[in-house]
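Comments concern the structure below.
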Amino acid sequence: MALSTGTKRVKTAVFISGMGSNLKSLIKFSKLKKSPISINLIISDNNRAKGLNYSKRFKIKKRILNFNKKNLTEKKVLFELKKYKINLICLAGFMKILSKNFIKNFQGKILNIHPSLLPKYKGLNTHKRAIQNQEKFSGCTVHYVNSKVDSGRIVLQKKVRITKRETPKTLRNKILVQEHKLYPKAITKIFNF
Ligand code: GRF
């Protein structure tokens, strides 16, 4: 990543749409003495996202925007990102696809976490598809975001075993536990701490 942290923490925005458990783990990580990041902004496309509660709890600014008007909204987001001097975006369960133009504006500075061992199972319903295909393993991936969905350069992956009695729900929970460790680990790797 074309970023140097120096002694200052990298100002980070986390984009969410739902529960926000990865947001929570990133906030906890950001509070560690050695963390390379600070979380300064939460962006959501969904005003009912449970994860928005972390904004109040941890006193982090939030912006809720309607991404259906994509161009206009992305302009607003870019304005907010500039305002808060954001230099890293972490997508964490964010369900909207960002435009090529937006990604270009933040080239090499957007990360995503995906609940599969990419390049396998891009897109939605990853757990169900992995079980249906009788995979022995699944897992999670932290990757850079480029203009193709779930296709950017991989930073780190973690494998988990799929048991005989696995359901999409048990697999999802099992992978989430790993996601909460993997995202901070990937950020640490990127900033070489
Ligand atoms: C996670 O499984 C993440 O990998 C995927 O969406 C889910 C979000 O969960 N992109 P949460 O909102 O962080 O709890």
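The values are calculated or read from the model by the stated rules, or taken from the named source; none is laboratory data. Here the structure is a predicted model, which means the values were calculated and not measured. Note that we place each Cβ from the backbone using ideal geometry, even for glycine, and neighbour counts take in every protein chain shown. Accessible surface is based on the protein model in full, side chains and every heavy atom, while ligands, DNA and RNA are left aside. Shrake-Rupley method; radii C 1.70, N 1.55, O 1.52, S 1.80 Å.
At-a-glance table
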read-out: Furthest towards positive pole of dipole, Thr73, Val149, Asn125, structure part the stretch 50-157, Cβ charges; value: Thr73
read-out: Accessible area per residue in Å² at 1.4 Å probe, computed on the chain; value: 58
read-out: Heavy-atom accessible surface of the stretch 1-140: percent carbon and sulfur, 1.4 Å; value: 51
read-out: Förster-model FRET efficiency, 22 Å R0, Lys169 and Ile64, C-beta, rounded to 0.05; value: 0.20
read-out: Radius 14 Å from Cβ of Leu118, net charge of other residues (Lys, Arg +1; Asp, Glu -1); value: +4
read-out: Relative packing of peptides 78-84, 135-141, 12-18 - highest average C-beta neighbours within 10 Å first; value: 12-18, 135-141, 78-84
read-out: All aspartates and glutamates inside 16 Å of Lys28 as judged from Cα atoms, apart from same-chain residues fewer than 8 positions distant; value: Glu179
read-out: Magnitude of the charge dipole, the chain, Cβ model with Lys/Arg +1 and Asp/Glu -1, debye to 20; value: 460
read-out: Under 16 Å between alpha carbons - lysine pairs in the stretch 137-193 that sit 8 or more apart or on different chains; value: 9
read-out: Which of Leu23, Tyr84, Phe58, positive extreme of dipole for the stretch 18-105 (C-beta unit charges); value: Phe58
read-out: Rounded to the nearest 20 debye, dipole of the stretch 69-166 from Cβ charges on Lys, Arg, Asp, Glu; value: 100
read-out: Positive dipole terminus of the chain, leading residue within Ala13, Thr163, Ser116 (C-beta point charges); value: Ala13
read-out: Candidate aspartates and glutamates - alpha carbon under 17 Å from Lys83, same-chain residues fewer than 8 apart omitted; value: Glu74
read-out: GNM top mover of Leu124, Leu26, Leu98 - the chain, alpha-carbon springs below 10 Å; value: Leu124
